[in-house]
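S.K.: Got a structure for you, questions after.
The values are calculated or read from the model by the stated rules, or taken from the named source; none is laboratory data. Quantities reported herein were computed from a predicted structural model and do not represent experimental measurements. Heads up, the Cβs are rebuilt from the backbone with ideal geometry, glycines too, and the neighbour counts pull from every protein chain shown. We work out accessible area using only protein heavy atoms, side chains counted, and drop any ligands, DNA or RNA first. Shrake-Rupley method; radii C 1.70, N 1.55, O 1.52, S 1.80 Å.
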Amino acid sequence: MPNDGVVTAPDVVSTFAKKIKQMGGKIFEGVQVNSVLTKDDTVSGVETNLGTINCEYFVNCAGQWSRELGLKSSPKVRVPVHSCEHFYIVTKPIPDMDRNMPVIRDPDGNVYFREWNGGIMAGGFEPPHHGGKPVFHSGIPPKFEFQLLPEDWDQFQILLDGILNRMPLINDAQVRQLVNGPESFTPDQNWILGQSAEVYNYYVAAGMHSRGIQAAGGVGRLISEMIVDGLPQFTNLWQCDIQRFVPHHSNRKFLRDRVKETIALYDLKYANSQFSSGRNLRTSPIHTQLKVYGANFGETNAYERAMWFTPKHEEDVDEYLDESAMLKGTFGKPGWFNAVKLEYQACKERVCIVDMSSFTKIEIKSKGSEALDFLQYMCSNDINHGIGTVIHTGMLNSHGGYENDCSIVPLRDNTFFLIAPTQQQTRCMFWLQKHLPKDGSVQVRDVTSMYSGINLIGPHAQQLLSDVTETSTLTHKFKPMTCQVIDVGYASNIITMRLTHCGEDGFVMYIPSEYALHVYEMLMNAGKDYGIRNAGYLVIRHLRIEKMFAYWGIDMDPYTTPVETGREFRVVLEKDFIGKEALLRQKKDGISKKFVQFQLESFNLDAPVWPSGKEPIYRNGKLCGMTTSAAYGFTLGQFVCLGYLHHLNEQGTPEIVVTKKIHDYIKDPKAKYEIDVAGTLYPVSVGLYTPRMAYKAHDKPTFLPMPETT
Amino acid sequence: MVSWLKSYMYSMNRFYLSKNVISKIIARNSSVVGLESTSHCQNLDLTVTNCRHLTSDLYPKLSRQQVSWYLRYHEYYSGEINDGVLKSFTTNKLASNNPIEDRAAEVRLVHSDGRKNEYLFGVFDGHGGCACAQILSERLFSYVALMLSSNDLLRKIQLEKIDPCRDLIYRFTHKDYYHSQDMEHLYRVALQRLARDLLSAPNDDSTVEDIFKAAFLRLDHDILADALPKEGHGDINIENLSLALTGSCANLAYITGTDVYVANTGDCKAVIGHQIGQDEWIPIMLSYEHDAENEKEVTRICSAHPGESDTVLRNGRLLGDLAPLRAFGDARYKWPSAVMKHALNIFSPNGISIYGESLIPHNYKTPPYLTAEPEVVHHALSARDKFMVIGSDGLWELLKPNQVVDLIAAHMDDRQIISQFVVPQSGITLKEINDVLKVRKRILAKKPEDENVATHVLRMALGPDHTQLSQYLTIPPNIVRNYRDDITITVVYFDTDYIAERNE
């Protein structure tokens, strides 16, 4: 097998140790860390049993001990890992065993094999229905570092089934040893890398989820680049970033339950799949009500979001009614597709109500103009607008890449309300606090739990809202991209913005949580006559992808800039802000990649595999990028993908060119584009801007005329 | 009348009176207004139903953890003993009376003249209070041990070289075990007297059966005699008197070599779990309940009291009062009425027993009506006898012997699987290992909740449904006795290999 290889952990470790010593590094073994010292929430040293080491940076790469080590600093650093028992067997030598047998993985049996001293070494990861066996829940016993746990054949049996099934040869083999070496596992199967949100310059490289040996080199490089350069050379590793977690992820009981499921590393992960353990922790005040209406939930940052609603039985088509098919995992047409279609149509033609409570909400304020000055420095867009203006803006790093993409509203004098994606809760607070003026003049407060969010989407939203509020919702009185604090029903102080995050007309209301149920019921009752429909988060995704709206964490990340994503209209260069130089440079020198929209003209919805992001893009047969997200565009009547096209020179390497040139390159009529979906190449058309069609109502209008508004 | 009776009974119930007494009250009052005896039971049920209205049966009142805590509170496991035929034993009990009137105790005979591996297992089911059962659990083992001793040993006891209270037995002490230290001196004197009597009338031909009968009768005699004024001393000890007025059944199993002897007085029961096939088990009875359903007993009593057949057994009870037809203590069925009248004259009637003024039973014509003499059953163990269960009648009211045997047998299978699987040294293949593991997995899936088999049987007897268990355990104290009796269960495991070896 070309590129196949095996290493042992001791070999890897001794190689690294040798290299470190060659470069002048010193290694001390058997040293106990008593605490990681901090000053102003920044690493200042490490106190060990042999003395104190002063240092600027600290990397917690203590494996299954990383959670405990994290607690040894002030403030504590949360590293959500939990150990599970983890097994492999080694057989006695088998006659004629090929020493060069490739490593074999069988995801169906959840097992792997390799040759070992003339026999077979085989292990695996227990499937979710069986579950792993968490261990060391109350701490790892002292001096365990070079020890193993006792055999547990009953736990291993499920894997033995897979092993004997895939490799009948070893049915007759004899066992030499069942090795039980515990490993640490994470809540989402991804690694835990990067700078902690709690202590500056405190880095974590842990939660390797049983893939530490093979990853060690890359992870080491990544962490060193983070420390030395600030931003590593790699592409987006947000999925592994330690700041993707919220405090609840470090709850020990949660971890114990969740790792039982996440240990199943070989288990097939369908598009949009969810973990089933450790759920229902963060829920919005209207969660129970939504459940009654048939909501199907998905979890982001431990927050349960309604993804789509099971249609009512009386709603025509038979295929809606098979609920088990709706929930079944697939790479092709999802079971919920027709349900989302109904919601989409309601958004376009009537009015939908979507729970947006999970969004990150932050309040920023100061006595004087310090908060404004601070935000002007953090944001690429101009924040100095009148009270009640909604400002979409990026927060960029020094490379001009997006650290965050958010909406900011000046609510009162020197008080700003910030809305950011759900996943940004930890990261956004970290980024803001890191740059806060040291004099304490600006206060930043996470108010996510204080407010629930309700999104009214659709042509009737304006009339519906006006039925339940005293405030005029007429377009000229309540303009798009403005915000008013209004009463709804009997509830007051509801921060209402005329925007929907998906390009349709409507309102997002941020409601003090205790009023949320009241407002929801008020709108649902008043909405009956408008054919109001509950809708889930998936419909927003479909609407925004069709309109080429980029979302942070999916389409935008710290490695993409406003110039590359075509969002220069949200950049104001007449002020000073982080990343400005990088953007000026890009404006002058150009860029090498550009955010575009693809339409799959000939995609058949019955195809076995649907695009779901991360598909390779080919230009004239040459790989020139990857998609980032995908959805069916109900109005365009076509499948739509978003992604980045790289400008390749004749040698096939990315080349920076001015914006006009890259546009010409992309729109070159002779260029032929294709997207590879699981081995099938689909011809695609490329667009640089939102197709005007996408704003239209559905192409088969069942559209009712808007009621007269006075 | 009925409502008057009900409220009266309800108030009486609050004083934790036993069922025997309640039915007696009804019988007495109903006879005044001329009700037939069948309607008494209906009245009783009616009362019960009314009381149950106070609680809701729909929801459990205890959590699962609370139920388990409650069921396991008295459980005891000996650990692996592996001494002769005895592998280990386990016991548990559940109170209905307050305080519980059941006692379980187990001892190893330590001074049996070179004979080894001898054990006694006792279950004592008291009534009218717990005092008599308590005394049996303290004293009976020493009586048996002493009577099993050689003359040589008896002489040492007489010469006070050996303490007959402490040196003849090793007691497996449960966590709630207690004994009356004040009385130990009296007990010692009684045992020394017994040793002297045995030496003065040596009888080397006595069988085990004879010994048990003699030991039981001697202890009962001593209990009753202690309550009466000694010759030369006019005083009656009131504590001893009220003790003698309580009663207790006793079931004592004696294991020696591969023989089991069960001496039974009253309505406890001992059963052997006998395996006849892979999953087929039958119970072998080692004792017979002495109650009104036992024809031999009825015949015995009726012939001992000619002309009283109408009164000696009424409502299935001795003199319409006592359910077991043999028992320790219960002086009110043994003493002449003159003795009891004397006692009533000296003491406040309510101070000496729960019977108060009505201490002397109705139709009390030709005492004694009751004996502590046991029926002794011998059983030679075979390799198919895997365990023995001794239970008080509270258990056997809820489960039949074959059900108990099946429960324990299934639990044995399941417990065997609990220990970790270890690959045997021999050349076993991976496929063979996997086949064993698959069987283990099937059995592990239905692993019983309780490791202690006595607790397991207790849970199954009352449940196993959680809501039902919770209901059973939370019946108000004033009526709980109408639903379940005190339950005691002792399970003794035998070493099959040892039996097979000895029987070869």
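S.K.: Compute the Cα gyration tensor for the range A:398-440, then decide on rounded, prolate or oblate, letting a ≥ b ≥ c be the square roots of its eigenvalues: rounded whenever a/c is under 1.5, prolate when a/b is larger than b/c in the other cases, and oblate in all that remain.
M.R.: Taking the square roots of the gyration eigenvalues as a ≥ b ≥ c, the range A:398-440 is oblate.
S.K.: State the percentage of accessible surface on the range B:63-113 attributable to carbon and sulfur atoms; use a 1.4 Å probe and exclude ligands, DNA and RNA.
M.R.: Carbon and sulfur: 46 percent of the exposed surface of the range B:63-113.
S.K.: Please give the net charge around residue A:615, taking every other residue with its beta carbon less than 11 angstrom from that of residue A:615, where Lys and Arg add +1 and Asp and Glu add -1.
M.R.: Charge balance in the 11 Å sphere: -1.
S.K.: Can you tell me the FRET efficiency between residue A:104 and residue A:231 if r is taken as the Cβ-Cβ distance and R0 is 35 Å, rounded to the nearest 0.05?
M.R.: 0.40
S.K.: A further question on this structure: P(r) of the protein assembly as shown in 10 Å steps, Cα pairs, percent per bin?
M.R.: Here the calculated profile for the protein assembly as shown is 2, 7, 12, 14, 13, 11, 10, 10, 9, 6, 3, 1, 0, 0.
S.K.: Which of the lysines could a cross-linker span from residue A:614 if the Cα-Cα distance has to be under 21 Å and same-chain partners fewer than 8 positions apart are dropped?
M.R.: A:269, A:333, A:547, A:593, A:594, A:622, A:672
S.K.: Then there's this: I need to check one value: relative contact order of chain A, counting alpha carbon pairs closer than 8 Å and at least 6 residues apart, in percent.
M.R.: Relative contact order, chain A: 10 percent.
S.K.: Under a point-charge model restricted to the Cβ atoms of Lys and Arg (+1) and Asp and Glu (-1), what is the dipole moment magnitude of the protein assembly as shown relative to its Cα centre, in debye to the nearest 20?
M.R.: 3200 debye
S.K.: Less than 12 Å Cβ to Cβ from residue A:27, Lys/Arg counted +1 and Asp/Glu -1: what total charge do the surrounding residues give?
M.R.: So the environment of residue A:27 carries a net charge of +3.
S.K.: With +1 on the Cβ of every Lys and Arg and -1 on the Cβ of every Asp and Glu, and nothing else charged, how large is the dipole of the range A:570-694 about its Cα centre, in debye rounded to the nearest 20? The partial results should precede the final answer.
M.R.: Working: 17 positive and 13 negative charges, 96 e Å.
About 460 debye.
S.K.: Skipping prolines and chain starts, which residues have an amide H placed within reach, meaning under 5 Å, of the one on residue B:484, given they are 5 or more residues away or on another chain?
M.R.: Amide H neighbours of residue B:484, under 5 Å, 5+ apart: none.
S.K.: Sticking with this structure for a sec: Work through the residues other than residue A:631 whose Cβ is under 11 Å from its Cβ and net out their charges, Lys, Arg +1 and Asp, Glu -1.
M.R.: Counting the neighbours of residue A:631, the net charge comes to +2.
S.K.: While we're on this one: With every protein chain present, what is the per residue accessible area of the protein assembly as shown (1.4 Å probe, Å²)?
M.R.: So the protein assembly as shown comes to 45 Å² accessible per residue, rounded to a whole number.
S.K.: Below 8 Å, C-alpha to C-alpha, sequence gap of six or more: please give me the relative contact order for the range A:576-677 in percent. Before the final figure, lay out each step's value.
M.R.: Numbers: 170 pairs, mean separation 36.0, N = 102.
In percent, rounded to a whole number, it is 35.
S.K.: Which whole-angstrom value gives the distance between the alpha carbon centres of the range B:131-206 and the range A:173-232?
M.R.: Each part reduced to its Cα centre gives a spacing of 71 Å.
S.K.: Just name one of A:346, A:395, A:632: the one whose Cα is farthest towards the positive end of the charge dipole of the protein assembly as shown (beta-carbon charges, Lys/Arg +1, Asp/Glu -1).
M.R.: Looking along the dipole axis, the top candidate is A:395.
S.K.: Right, another one. As a test of the formula, what do you get for chain A when each DSSP H run with n ≥ 4 contributes -39,500 (n - 2.57) and the sum is divided by the residue count, at 222 nm and rounded to the nearest 500 deg cm²/dmol?
M.R.: -6500 deg cm²/dmol
S.K.: A further question follows. Restricting to Cα pairs below 8 Å that are 6+ residues apart, what does the relative contact order work out to for chain B? Please round to a whole percent.
M.R.: Value for chain B: 22 percent.
S.K.: Only bridges with both residues in the range A:1-128 count here: give the DSSP antiparallel percent, nearest 5.
M.R.: The answer is about 95 percent antiparallel.
S.K.: Decide, for chain A, between rounded, prolate and oblate: order the square roots of the alpha carbon gyration tensor eigenvalues as a ≥ b ≥ c, take rounded if a/c falls under 1.5, and otherwise choose prolate if a/b is larger than b/c, else oblate.
M.R.: Prolate, because a/c is 1.5 or more and a/b exceeds b/c.
S.K.: Something else: Charges only on Cβ, +1 for Lys and Arg, -1 for Asp and Glu: so what's the dipole of the range A:483-592 about the Cα centre, in debye to the nearest 20?
M.R.: It comes to approximately 240 debye.
S.K.: Going by average Cβ neighbours within 10 Å, how do the peptides A:474-481, A:244-251 rank, with the highest at the top?
M.R.: Most protected by this proxy first, the peptides run A:244-251, A:474-481.
S.K.: Give me the summed buried accessible area for the B-A pair, 1.4 Å probe, to the nearest 100 Å².
M.R.: 1400 Å²
S.K.: Which ³J(HN,Hα) values, rounded to whole Hz and listed in residue order, are derived for the range A:2-7 from phi using the Karplus coefficients 6.51, -1.76 and 1.60 in 6.51 cos²θ - 1.76 cosθ + 1.60 with θ = phi - 60°, glycine and proline given as x?
M.R.: Here the 3J(HN,Hα) series is x, 6, 8, x, 10, 9 Hz.
S.K.: Between residue B:342 and residue A:327, what FRET efficiency comes out of the Förster formula 1/(1 + (r/R0)^6) with R0 = 60 Å and r the beta carbon distance, rounded to 0.05?
M.R.: Plugging the Cβ-Cβ distance into 1/(1 + (r/R0)^6) gives 0.10.
S.K.: Need one word for the range A:1-106: rounded, prolate or oblate. Basis is the Cα gyration tensor (sqrt eigenvalues a ≥ b ≥ c); a/c below 1.5 gives rounded, then a/b vs b/c decides.
M.R.: On the way: a/c = 2.97, a/b = 2.01, b/c = 1.48.
It comes out prolate by the Cα gyration axes.
S.K.: What does the average come to when, for each residue of peptide A:166-175, you count the partner chain Cβ atoms lying within 10 Å of its Cβ?
M.R.: If you average over the peptide's residues, the count of other-chain Cβ atoms is 3.
S.K.: May I pose another question? When ranked by the protection proxy of mean other Cβ atoms within 10 Å per residue, highest first, what sequence do the peptides A:484-497, A:456-469 form?
M.R.: A:456-469, A:484-497
S.K.: Counting each DSSP H run of 4 or more residues in chain B as -39500 (n - 2.57), what helix-only mean residue ellipticity at 222 nm follows after dividing by all residues, to the nearest 500 deg cm²/dmol?
M.R.: Only helices count here, giving -12500 deg cm²/dmol.
S.K.: Let me ask something else about it. In terms of Cα to Cα distance under 25 Å, which lysines are near enough to residue A:434, apart from those fewer than 8 places away along the same chain?
M.R.: Output for residue A:434: A:39, A:72, A:76, A:361, A:365, A:367, A:575, A:580.
S.K.: Count, for each residue of A:146-157, the Cβ atoms from other chains sitting within 10 Å of its Cβ, then give me the mean as a whole number.
M.R.: Average neighbour count from other chains, rounded to a whole number: 3.
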